1. What is the extension gain from Ala121 to Leu184, computed as 0.36 nm multiplied by their sequence separation minus the C-alpha to C-alpha distance, in nm to one decimal?
2. If you build the Cα gyration tensor of the chain and take the root of 5 times each eigenvalue, what three semi-axes come out, in whole angstrom, biggest first?
3. According to a simple spin-label model (label point 7 Å from Cα along Cα-to-Cβ), what is the distance in nm between Asp169 and Arg54?
4. Compute the separation of the alpha-carbon centres of the range 120-173 and the range 58-75 and state it in Å as a whole number.
5. Order 156-166, 34-44 from most to least packed using the mean count of other Cβ atoms within 10 Å.
6. Determine, from the Cβ-Cβ distance of Arg156 and Arg23 and an R0 of 25 Å, the FRET efficiency 1/(1 + (r/R0)^6), rounded to the nearest 0.05.
7. For the range 28-118, state what percent of all Cα-Cα pairs lands in each successive 5 Å bin, counting from 0 Å until the bin that includes the largest distance.
8. Per-residue counts of other Cβ atoms within 10 Å, averaged by peptide: what ranking do you get for 183-189, 49-55, highest first?
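Rule-based calculations on the coordinates, nothing more; no lab input. A quick note: this is a predicted structure, and the numbers were derived from the prediction, not measured. Positions of Cβ are backbone-derived with ideal geometry, glycine not excepted, and every protein chain shown enters the neighbour counts.
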Amino acid sequence: MVLQHLASRRQDRRRGSSPVKPRVEANDDRHFDAWSRTYDRSPTQLLFFGPIQRAVTAALKQRAASGRVLDIGAGTGRLLDRLGSAFPGLALFGLDRSAGMLASAHRSRPGLQLVRGAAEAIPFPDESFDVVTSTVSFHHWSDQPRALAEVRRVLRPSGIFALADFSLDDLPRWGITRIVSAHLFEGAVPLGERKRLLEGAGLRPVDERRALYGHWIPLTLAERAPAPADA
Ligand SMILES: C[S@@+](CC[C@H](N)C(=O)[O-])C[C@H]1O[C@@H](n2cnc3c(N)ncnc32)[C@H](O)[C@@H]1O
């Protein structure tokens, strides 16, 4: 299924005449809608997504997270579930583009407040969250600068954004593997570029660690910086 999805993403990028991003997004959504049926039972939960979510929870614990949290690309709501157990009293909101993922989250975790929508146009008012999180979703975002500006907009002053995702630096980049990585993880950026994108959006990196087995998947905590006029 993953290979089919990647092949159709490539075909879409080659067809020059039609608008590429909406087609790529529609392909992504179909892929995640299909995956949502088995997502929670996948062995990747144990080996990959689970450890990353635990690392995000531990990092936020050190900062005593409280108030309202928004998880972007929330999938079936597993990170929100963990955050709810770690921080009772936190109000939990999730945003995702995939209707299938959200339907699955509604079925298994009815207590969550879930909204369908995109990181690039977050359907919440300014300064409405204390914490924004996102795990293994950023490299799918079709307009990362715009989405990060949206993250800053919905964060309260000094609010925290926890971003865990692949970095291009960690992926094999020699010979043929370089081409495979570029296709498999289209949208993944090197860490330096991630930092520049965050800073460009007014999100100041304050902590960085590895979310997966201490080696892979960088987790960056970034604080909402004051706008130049308020500084
Ligand atoms: C690999 S899943 C990760 C789900 C969840 N964060 C987890 O750790 O289990 C990526 C999710 O990001 C969502 N997604 C991708 N691009 C998005 C965007 N631009 N806005 C909102 N959600 C997006 C997908 O629909 C999918 O549910």
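1. 20.2 nm
2. Output for the chain: semi-axes of 26, 21, 18 Å.
3. Each label point lies 7 Å from its Cα, and together they span 2.5 nm.
4. 12
5. In descending order of packing, they fall as 156-166, 34-44.
6. The calculated FRET efficiency here is 0.10.
7. 3, 15, 25, 25, 20, 9, 3, 0
8. Packing order, densest peptide first, comes out as 49-55, 183-189.
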